[in-house]
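Some notes on the structure that comes next.
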Amino acid sequence: MLVLKKLSILHCKADLSSLPQGKLLINTINAHSYNTSLKDSFFAEALQKGDVLIPDGISIVKACKWLNAKSQPTERIAGWDLFEFEMNRLNQKGGKCFFMGSSEKVLALIKEKAKVIYPNITVETYSPPYKPEFSEEDNKKIIDAINRANPDLLWIGMTAPKQEKWTYSHWNELNIHCHVGTIGAVFDFFAGTIERAPIWWQEHGLEWLYRLIKEPKRMWRRYIIGNTLFLWNISKEKNR
């Protein structure tokens, strides 16, 4: 079982610059993934056994403080923050980035935008089949595409917990030398197919509310029920 107060979580955005080079699996944790991990043991294992875990949610930052946890992150580090940091660093020296996940439409938009914003990065993409579970043949095609590209940066975007579980399951088959981030909605944010909350909402820990207002039918369960469940689960952890 995942126990938040025992996790090693990155403290702040500045710490991103201290991450070692080479093959490194970077996952995010927020209220939704914490709740999901309590009922999905393999997802919990994938989060705990990755190399780096970043607090993608003000709820995690506050909960760590309240629990007097092992890690005391001082600020939220969104998947978008990780994305911008890694892309800017790669753009400075030049290299290849691989996006695995999402639709062909979104990936095409990512390629076009990256040409403008990150002109020194070559972008390659792969859109996996849209289904709950991949077949062995599906997995082989994905892995072969990534290994053939041999990228300097790899993004996996299939929403949690699928993206974390897939990457963890096939980690030893990925013959790569780079940082790998599981960043879900960031694909859509960068492509422009989903609008990210304005800065004020982000700075005040209300990005979740902005997404709820924008997409109530899709997000109400995750944020209204999910946030309440998170408070309940954290309270139980506090009393253990």
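The values are calculated or read from the model by the stated rules, or taken from the named source; none is laboratory data. Source: prediction; values computed, not measured. Glycine gets a Cβ as well: all are built from the backbone with ideal geometry, and neighbour counts include every protein chain shown. Side chains are part of the model used for accessible areas, which takes the heavy atoms of the whole protein and leaves out ligands, DNA and RNA. Shrake-Rupley method; radii C 1.70, N 1.55, O 1.52, S 1.80 Å.
Per-structure values
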item	result
Condition met for Tyr223 (in contact with a Lys or Arg (Cβ under 8 Å, 6 or more places away or on another chain) and either open to solvent by 30 Å² or more (accessible area, probe 1.4 Å) or of a type in the set (A, V, I, L, M) (or both))	no
Residue count, the stretch 20-30 (criterion: assigned to a loop (DSSP other than H, G, I, E, B) and open to solvent by less than 20 Å² (accessible area, probe 1.4 Å))	0
Restricting the stretch 173-193 to residues that are of a type in the set (Val, Ile, Thr) and in contact with a helix residue (DSSP H, G or I) (Cβ under 6 Å, 6 or more places away or on another chain), the residue that is surrounded by the most Cβ atoms within 10 Å (Cβ to Cβ)	Thr182
Complete set of residues in the stretch 116-172 that are buried (at least 17 other Cβ atoms within 10 Å of the Cβ), assigned to a helix (DSSP H, G or I) and of a type in the set (Gly, Ala, Ser)	Ala149
Failed item, numbered, when Arg240 is tested on (1) under 16 Å from the mean Cα position of the chain (by Cα); (2) of a type outside the set (Phe, Trp, Tyr); (3) more than 18 Å from Ala31 (Cα to Cα)	(1)
Answer from Ser8, Ser59, Ser33 - the residue that is among the small types (Gly, Ala, Ser), open to solvent by 10 Å² or more (accessible area, probe 1.4 Å) and assigned to a helix (DSSP H, G or I)	Ser59
Filter result for the condition that a residue is closer than 30 Å to Asn150 by Cβ and charged (D, E, K, R), over Lys62, Lys5, Lys23	Lys23
Filter result for the condition that a residue is free of Cβ contacts under 8 Å to residues at least 60 places away in the same chain, open to solvent by 50 Å² or more (accessible area, probe 1.4 Å) and under 20 Å from the mean Cα position of the chain (by Cα), over Lys93, Lys111	Lys111
Residue in the stretch 41-56 that is surrounded by 15 or more Cβ atoms within 10 Å (Cβ to Cβ), in contact with an Asp or Glu (Cβ under 7 Å, 6 or more places away or on another chain) and of a type outside the set (Gly, Ala, Ser) present	yes
Output for the stretch 131-153, where each listed residue is aliphatic (A, V, I, L, M) and closer than 10 Å to Ile176 by Cα	Ile146, Ala149, Leu153
Tabulated pairs, the stretch 198-209, first in a helix (DSSP H, G or I), second polar (S, T, N, Q), C-beta under 8 angstrom, 6+ apart or interchain	Trp208/Asn227
Considering residues of the stretch 62-78 that are in a helix (DSSP H, G or I) and farther than 18 Å from Cys12 by Cβ only, the residue most open to solvent (accessible area, probe 1.4 Å)	Trp66
Residues located in the stretch 79-108, provided they are touching a Ser or Thr at 6+ places or on another chain (Cβ under 7 Å) and assigned to a helix (DSSP H, G or I)	Gly79, Glu104, Val106, Leu107
Lone qualifier among Ser37, Ser102, Ser33 - being over 25 Å from Leu4 (Cβ atoms) and within 16 Å of the chain's Cα centre (by Cα)	Ser102
